[in-house]
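Structure first, then comments.
The numbers here are math on the coordinates, done by the rules we state, and not lab data. Owing to the predicted nature of the structure, the values given are computational and were not obtained by experimental measurement. Here the Cβ positions follow ideal geometry from the backbone for every residue, glycine too, while neighbour counts run over all protein chains shown.
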Amino acid sequence: MNSLTRRPIRVVTFLAFCAMAMTAFARPQAKPPAAPAAKTASAATAAPNFQKTIGNPSAPITMEVFGDFECPACRGFFEGTVKQVIDDYVIPGKVYIIHRDFPLEMHPYARQAARLANAAAEFGQFEAMERALYDHQDEWSAKGNIDQVMATYFPPAEFKKFQTFEAQHMAEINASIAKDQAMGTQRNVNQTPTVYITAHGKTEALPGGGVDYKLLKSYFDYLLRQ
Amino acid sequence: MATTAISSEVSPRPAGWPGTLLIIGRVALGVIFLIAAYAKLHFAGEWHLRDYQFFFAMAIDSYKMLPISAVQLMAQVLPWFELVLGIFLIAGIGLRVIGTITSGLLLVFIGAMTRAKILGLEINCGCFGNNEKLGAATLIRDSSLLVLALAVTIGAFLIKKRRERLSS
């Protein structure tokens with residue numbers, strides 16, 4: 001058999017290999033996570049409901065962030081990306097942000113910070129509290145003196161309301177955090193920040209650990225063009 | 001001896017176990033590259049031929065090595081490049097060149113992963129989809145692939161040398 005007559009055999013073998021490889025890996029994969037509950041859940045839930053959201057719920061894109069207020073990567077993502085997303089996409093009504101609490105065990109004060117953010121959310125101050133917690137993470141994450149540090153960034157009367165609410169609704173707040181964590185666990189969240197983007201009825205998980213603003217912007221622009 | 005000489009005159013292809021090992025090695029490596037390309041283009045239960053580059057760019061960018069423009073270009077091109085490498089490896093076309101390119105590419109991947117580990121970056125590998133965390137296991141796997149790629153490349157060069165010796 002010379003090399004010319006062998007060539008068709010080689011091509012056929014190669015094509016068979018390709019077909020087998022593609023068939024083997026064309027198996028059904030895990031279904032993407034369900035669309036965010038905030039957009040679909042009935043409003044008839046018992047108060048308090050801890051709306052840890054920023055923007056208009058009817059925006060075409062929803063960005064869910066599983067975050068930990070003590071996590072440096074979450075702060076980096078918030079400072080470098082989320083703030084620009086708020087300015088460029090949330091304020092014009094194109095993106096709706098949902099925060100999900102995912103305090104990691106390695107961060108001893110993350111849960112305490114999450115409780116304060118939940119309490120602030122009940123008074124429509126979630127965004128302000130989130131900004132304050134991330135902007136001043138270095139000040140409170142070393143000693144855990146969250147109330148002491150955060151009190152300096154809010155009017156005393158308003159901050160007192162957050163503290164009182166937190167003390168009176170500790171069980172509900174903890175339940176809200178646990179609910180977010182359970183949701184994250186169900187979606188295989190294994191690091192923070194983990195971001196899900198929902199648009200056109202589909203939800204996609206972004207690579208964990210935060211995303212550069214320019215890359216996220218190009219993805220948002222692509223989704224908005226669809 | 002005479003048989004070998006006759007068969008090599010008729011067929012310049014390697015005979016015996018070195019040739020068989022080379023075929024197994026290159027096909028295995030090729031299939032792995034096809035899987036890597038496939039995982040970047042098909043995830044979360046569907047094909048992402050129009051938007052894969054956004055997700056892959058985010059994974060590449062998490063290594064903090066390249067400017068955004070280079071990240072975007074690499075994200076656009078790399079899955080297809082891996083696909084072509086996989087096809088060429090399986091088909092055994094231009095094995096010395098393809099083997100060298102594959103080895104070089106794996107060396108770059110291992111370098112990037114090692115750097116990320118040294119810097120303590122808690123990131124996803126981005127090698128086979130978005131959900132695989134970068135760790136010792138991913139480094140060992142890519143190092144094993146590099147060994148395989150080098151073996152295929154060296155084997156291809158040795159067989160070429162043997163063919164030339166036999167034909168001269």
Q: Would you calculate the separation in nanometres between label points at B:Trp80 and B:Glu132, each defined as 7 Å from the Cα along the Cα-to-beta-carbon direction?
A: 2.3 nm
Q. Normalised by the residues of chain B, what does the relative contact order come to in percent, with Cα pairs under 8 Å and at least six apart?
A. 32 percent
Q.
Using alpha carbons only, how many angstrom separate the centre of segment A:109-125 from the centre of segment B:82-129?
A. 44 Å
Q) Amide H neighbours of B:Phe43 under 5 Å, counting only residues 5+ apart in sequence or on other chains, H built in-plane at 1.01 Å? A) B:His48
(Q) Can you work out the Karplus-derived ³J(HN,Hα) for every residue in segment A:216-224? Use 6.51 cos²θ - 1.76 cosθ + 1.60 with θ = phi - 60°, whole Hz, and x for glycine or proline. (A) 5, 4, 5, 5, 4, 4, 4, 5, 6
Q. When the C-alpha atoms of chain B are aligned to their principal axes, what extent does each axis show, in angstrom, from largest down?
A. 60, 34, 26
Q) Of A:Lys143/B:Lys133; A:Lys214/B:Lys40; A:Lys179/B:Lys40, which ones are farther than 26 Å apart at the Cα? A) A:Lys143/B:Lys133; A:Lys179/B:Lys40
(Q) What's the magnitude of the charge dipole for segment B:14-167 around its Cα centre, counting Lys and Arg as +1 and Asp and Glu as -1 at the beta-carbon? Answer in Debye, nearest 20. (A) 700 debye
